Amino acid sequence: MEHILNAFLIKGFLVGFFVAAPPGPVAIFCIRQTMAYGLISGLAAGLGTTLADAFYSWVAAMGSNAINSWMKSYDIYFYIVGGLFLVYLGAKIFTSPLLDKSKPPKEKKAIHSFVSTLFLTIASPMTTFLFLGMFVTFGVFETALSGNQIGNLVIGVSAGSMIWWTVLAFFVHFVHTRFDIVIFRYINRIAGTGILGFGTYTVGKALYKLIG
């Protein structure tokens, strides 16, 4: 039994790691926050998306048709809200002033990073179906899952996701110390444009689907 539970921990870890790894608006935001406000802010951003991933992996593992069906029925509205938040976040970053790297990271910046990534990931209900697909790939649903197996799966997903974000935050924190403060102007422009673009595309796609 212990061997089976460990197997689900490993599968969950791999799924969490591979789901977190692809670049996207959350990764862009995490990189920018780490460079702008320090390692703690970057780790907080990673923690926010890790908790959201844990929730969606739990929903996927539970295999609740009612929950999945409900989320799929209202995914357009999730995308509109999430997209608008991305547009706001991207515009705010794009217009933010140059930041002084010598200032210590503020606690409120870490909280802001955490809440932002938590909201961004929660506002993407299709994450559930991404986890479903990954679980199928790793053979998670070959047999009915017990409560302990689901728990180990979610813990594994959380660990895999958080390790990815931790490695990313530490890497960015180490590399950015070599840059001059002027580089923040380009970081703000690139990060802001990228996130705003993701948001605009998300809202546009959702509205097209809603109207069409």
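The values are calculated or read from the model by the stated rules, or taken from the named source; none is laboratory data. All values reported here derive from a predicted model rather than from experimental measurement. We place every Cβ from the backbone using ideal geometry, glycine too, and count neighbours over all the protein chains shown. Accessible surface is based on the protein model in full, side chains and every heavy atom, while ligands, DNA and RNA are left aside. Shrake-Rupley method; radii C 1.70, N 1.55, O 1.52, S 1.80 Å.
What spacing in nm lies between the two simple spin-label points modelled at Phe170 and Val115, each 7 Å away from Cα in the Cβ direction?
Placing both labels 7 Å beyond Cα along the Cβ direction yields 2.9 nm.
Would you kindly find the accessible area of Tyr77, with a 1.4 Å probe and non-protein molecules such as ligands, DNA and RNA excluded, rounding to the nearest 10 Å²?
Only protein atoms counted, so the area is about 120 Å².
Working with all protein chains in place, sort Leu89, Leu51 by solvent-accessible area computed with a 1.4 Å probe, largest first.
On the way: Leu89 5, Leu51 85 Å².
Descending order: Leu51, Leu89.
Could you calculate the FRET efficiency of Asn148 with Leu14 from 1/(1 + (r/R0)^6), where r is the beta carbon distance between them and R0 is 25 Å, rounded to 0.05? Write out the running numbers ahead of the final one.
Values: r = 19 Å, r/R0 = 0.76.
Calculated value: 0.85.
Mind ordering 41-47, 147-153 by average Cβ neighbours within 10 Å, highest first?
Numbers: 41-47: 27.1, 147-153: 18.4.
Highest to lowest by the protection proxy: 41-47, 147-153.
Can you give me the solvent accessible area of Thr193 with a 1.4 Å probe, rounded to the nearest 10 Å²?
80 Å²
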